[in-house]
Amino acid sequence: MLQKQCLKTKRVLILASGDGSNFEAIVKYFQDKGLLVYDDAKTSLQKHIRCDVADKTSQHKVYIELISDKKDANVLKRAHRLNIKYHYVEFNNLETFLQNNILKKGQGFDLYVLAGFMRVLPKQILDLMEFDKNKIVNIHPSLLPEFKGKNAIERAFAAGVLKTGVTVHFVDENLDGGKILERCAFEVSALSLEELEAKIHALEHKIYPEIIEKLLFKKNVLVFGGGAREHALAFKIALSPYLAKLYLAKPNDGFKNLGKIIEFKDYDELLRRALECGIDILVIGPEAPLFEGLVDMFNAEGIKTIGANKAWARLEESKIFAKEFMANSPKNPIKTADYRVVNNIPEADEALNYFKAKGANVPVIKADGSALGKGVYLPSSYDDALMCAKEYLDGKFGDASRKILIEERLFGIEVSIMSLWDGNTLVSFPPACDYKRLLDDNKGPNTGGMGAYAPSKITPVQQKRIDSYLKKLECALKICGANFCGVVYSGLILTDSSKVFDGCDAANIDADNGVYVLEYNMRFGDPEIQALLELLDDGAGCDLLDIFIKMTQKRLCKSDLKFKNAVAYCLTLASKGYPVCPEKGAEISGLMAVKKHNCKIYFAGVKYKQNTSDSSLDFLNSLATNGGRVMSIVRSADKSNPEACIEAILDIYQTAQKIKYDGKIYRKDIGK
Ligand code: AMP
Ligand code: GLY
């Protein structure tokens, strides 16, 4: 299949006043990639060429021009040497020059890059450069907002800071203001001023060209799925400066206005349409498309994906496969409950006798395959266990339960860990707590999740043990050659409440004392991720799409996930009858309350009422329930401020009260 693309040369105007080392780093970066074109005549020829992406030589090109406001600036010499078109323009004449010369044909630049430009741009120039469309970037040698203005490195050094670094940001009317795109920090330790300057400049030369490239070549992203989890992911991605256009596959009516919908009958059609739209990255929310090999189909056509391929989706799809994975490295096995694989009733008898002889608690019965989250049964007696085993083996869940596990029962605190894996590196979110049961105090049937908060309330010792477990997980994924780019969700139970930690060295087999894996999922947890996304430190430039892009390039780093010192809560509003047979079709009102209480809503089981136009004006009054989990209400607060945390929970519950529909149910104990 062919992917059609419109290749347009991207035009960059760099403004610099001084030595120009950043200018040269940017030019060299694009030159080394073979993307640089040198003059406008050639450039215009390259416009609007339609071609086949399978032809690897067809890539967008970059054209760079330079302006300096200093006549004798070294940057002008560099431009001359590098064969880049340059202009010396006195600052007072800059506006006129831009208007009359290089912007005159109504042809602006795609990006204006300040690279050591020692001036604050006045409003008229900002307007000419379309600053309101985020077209101007700057790099500053400190961790903004600290040390704004000139001589930032010297001032940070003189102040004796422990950490400093580099900030790249969009430019607005304020000195070194504007949205932060990236903030790279390092420890100053025993560096001299000269060494510090060298380190900062080296860092600038590395990160600035990469960010410029991402801003020039933004991504078309397709988010697949129609729950609150996918609404949250789409919402975050829609805010990214690196997004070209957002597309949605199977969204619910509550968030379909965030992007352009791709309609399809089957995966072949979805793939065809995705290629036509020039989708760069597919982000998959639910597990079914992973099991069905959607990732493999897209990857075969060169579209990057966030989600496991069919082979690795088995970590969620088959409990036996997961057990085998955990035992992959005899020297370094991942801890999990003792178990027996059972294919028939005599084997079930044998397995139950094994646990009885061990003096173990009544074990757990698990269908090997995927049973829509209902395949785990916690029996009250050995007789109950045998009965359940028989039902499962008889095909209670079809083929999914023709093979079962009988598994030792564990007791402890449960936490969900979402990790990102790019094929080389594993990076994790803080532990989250999922409220699985329908009713308060963890009573009632298991559900998809009635609420969540993050980070979980665990001790530093438990966190260290989890960190040790995560090292083992990363190691196991590497050893097994896990060749996918996506999510690994570890459902953990912490069985050891002792406060003594016996070392966090991964070589120490007991460093993950008491951390047992109950299950793996290969997708983000719903509703955990709705809370976890609130923790991403967007103020420090931590951007979800940016992280996804790095993953698809196998460049994920441990420092890519930056978190705020916050706690986030998520409450699920559900429909009467959930999880067995939820009511549908009740009109929803009161959604305006959300804003008043600073909450976010992510929709799940909702649908436009009949006879409603798509007009966004009456959007909040147009929805009716259409499923078990109707929506998530999310709010975060400063973790170090207990009153703010209480207020956040109160806000969520006041919002929940004001949102009205027949049959509304929700838990009252989230975060308490
Ligand atoms: P799963 O579908 O594997 O997530 O299991 C659902 C729930 O069953 C888990 O969240 C646990 O609360 C419980 N569970 C699963 N396995 C065990 C076990 N070995 N011991 C105790 N509880 C378990
Ligand atoms: N909240 C649990 C899950 O997503 O499976």
From the Cα centre of segment 643-666 to that of segment 333-407, the distance in Å is 39
Express in whole angstrom the spacing between the alpha-carbon centres of segment 98-154 and segment 158-192.
-> 17
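What chymotrypsin sites (Phe, Trp or Tyr not before Pro) in segment 169-244 are in a loop by DSSP, with at most 10 other Cβ atoms within 10 Å of the Cβ?
Details: sites: F170, F186, F217, F224, F235, Y242; in loops: F217, Y242.
Within segment 169-244, no chymotrypsin sites (Phe, Trp or Tyr not before Pro) qualify (loop, at most 10 other Cβ atoms within 10 Å).
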Reduced to Cα centres, the span from segment 239-302 to segment 534-569 in Å works out to 22
One would report the antiparallel percent of DSSP beta bridges in the chain, rounded to the nearest 5, as 65
Taking the convex hull of the alpha-carbon atoms of segment 549-610 and averaging its shadow over every direction gives an area in square nanometres of 8.2
Computed on Cα atoms, Rg of segment 515-581 relative to 2.2 N^0.38 Å comes out at 1.45
Putting +1 on Lys and Arg Cβ atoms and -1 on Asp and Glu Cβ atoms, find which of N74, L13, G359 reaches farthest to the positive end of the dipole of the chain.
-> L13
To the nearest whole percent, what portion of all C-alpha pairs in segment 294-419 is separated by more than 22 angstrom?
-> 43
Charges only on Cβ, +1 for Lys and Arg, -1 for Asp and Glu: so what's the dipole of segment 278-340 about the Cα centre, in debye to the nearest 20?
-> 420
Could you tell me the largest-minus-smallest coordinate of the C-alpha atoms of segment 221-260 on each of the three principal axes, in descending order and whole angstroms?
-> 24, 16, 14
Write down the Kirkwood hydrodynamic radius of the chain, to one decimal in angstroms, obtained as one divided by the mean of 1/r over all alpha carbon pairs.
-> 27.6
Just need log10 I(q)/I(0) for segment 258-310 at q = 0.13, 0.15, 0.16, 0.25 Å⁻¹, Debye formula, equal scatterers on the alpha-carbon atoms, no solvent, rounded to two decimals.
-> -0.27, -0.36, -0.41, -1.05
In segment 225-381, if every C-alpha pair distance is counted and binned at 10 Å from zero, what percent goes to each bin?
-> 9, 29, 26, 18, 14, 5, 0
Quick one: net charge of Y377's neighbours, Cβ under 10 Å, K/R +1, D/E -1?
-> +1
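If you keep only loop residues by DSSP, which GluC sites (Glu not before Pro) in segment 217-301 have at most 10 other Cβ atoms within 10 Å of their Cβ?
Working: sites: E230, E263, E269, E276, E287, E292, E301; in loops: E263, E287, E292, E301.
Listed in order of number, the matching sites are E263.
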Binning at 5 Å from 0, report for segment 395-494 what percent of all alpha-carbon pair distances ends up in each bin.
-> 2, 10, 17, 17, 17, 19, 12, 5, 1
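Order 597-608, 116-127 from most to least packed using the mean count of other Cβ atoms within 10 Å. Kindly include the intermediate steps, with their values, before the conclusion.
Details: 597-608: 22.0, 116-127: 15.6.
The densest-packed peptide leads the list: 597-608, 116-127.
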In the structure shown, do any of K179/K206; K639/K672; K28/K123; K148/K179 have a Cα-Cα gap over 24 Å, and if so which?
-> K28/K123
Could you work out how far helix 382-393 tilts from the main Cα principal axis of the chain, as a 0 to 90 degree angle to the nearest 10?
-> 60
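Using a simple charge model, +1 on the beta-carbon of Lys and Arg, -1 on the beta-carbon of Asp and Glu, nothing else, what dipole does segment 154-299 show about its Cα centre, in debye to the nearest 20? Provide the component values of the computation, followed by the final result.
Working: 18 positive and 23 negative charges, 82 e Å.
Rounded to the nearest 20 debye, it is 400 debye.
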Taking the convex hull of the Cα atoms, report for segment 132-263 its projected area averaged over all directions, in nm².
-> 9.7
Could you state, as a whole-number percent, how many of the C-alpha pairs of segment 350-459 are farther apart than 24 Å?
-> 42
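Would you compute, from DSSP H runs of 4+ residues alone, the mean residue ellipticity of the chain at 222 nm, taking -39500 (n - 2.57) per run and dividing by the full residue count, rounded to the nearest 500?
On the way: 20 runs with 196 residues, N = 672.
That comes out to -8500 deg cm²/dmol.
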In segment 381-422, which chymotrypsin sites (Phe, Trp or Tyr not before Pro) are in a loop and have at most 16 other Cβ atoms within 10 Å, using DSSP for the loop call?
-> F411
Just the accessible area per residue of the chain, please: how many Å² with a 1.4 Å probe?
-> 43
Mind listing the phi-derived Karplus ³J(HN,Hα) values for segment 338-351, rounded to whole Hz, using 6.51, -1.76 and 1.60 with θ = phi - 60°, and x for any glycine or proline?
-> 4, 7, 10, 8, 10, 10, 8, 5, x, 5, 5, 4, 4, 5
Relative to the longest principal Cα axis of the chain, at what angle does helix 228-238 sit, 0 to 90 degrees, rounded to 10?
-> 10
Pairing the Cα long axis of helix 460-479 with the longest principal axis of the chain, what angle in degrees results, from 0 to 90 and rounded to the nearest 10?
-> 80
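About the Cα centre, and with charges only on the beta carbon of Lys, Arg (+1) and Asp, Glu (-1), how big is the dipole of segment 324-432? Nearest 20 debye, please. All intermediate terms of the calculation are to be shown ahead of the outcome.
On the way: 12 positive and 15 negative charges, 33 e Å.
It works out to roughly 160 debye.
The values are calculated or read from the model by the stated rules, or taken from the named source; none is laboratory data. Just so we're clear, the structure is a prediction, and the values are computed from it rather than from any experiment. Ideal geometry is used to build each Cβ from the backbone, glycine not excepted, and the neighbour counts take in all protein chains shown. What goes into the accessible areas is simple: the full protein's heavy atoms, side chains included, and nothing from ligands, DNA or RNA. Shrake-Rupley method; radii C 1.70, N 1.55, O 1.52, S 1.80 Å.
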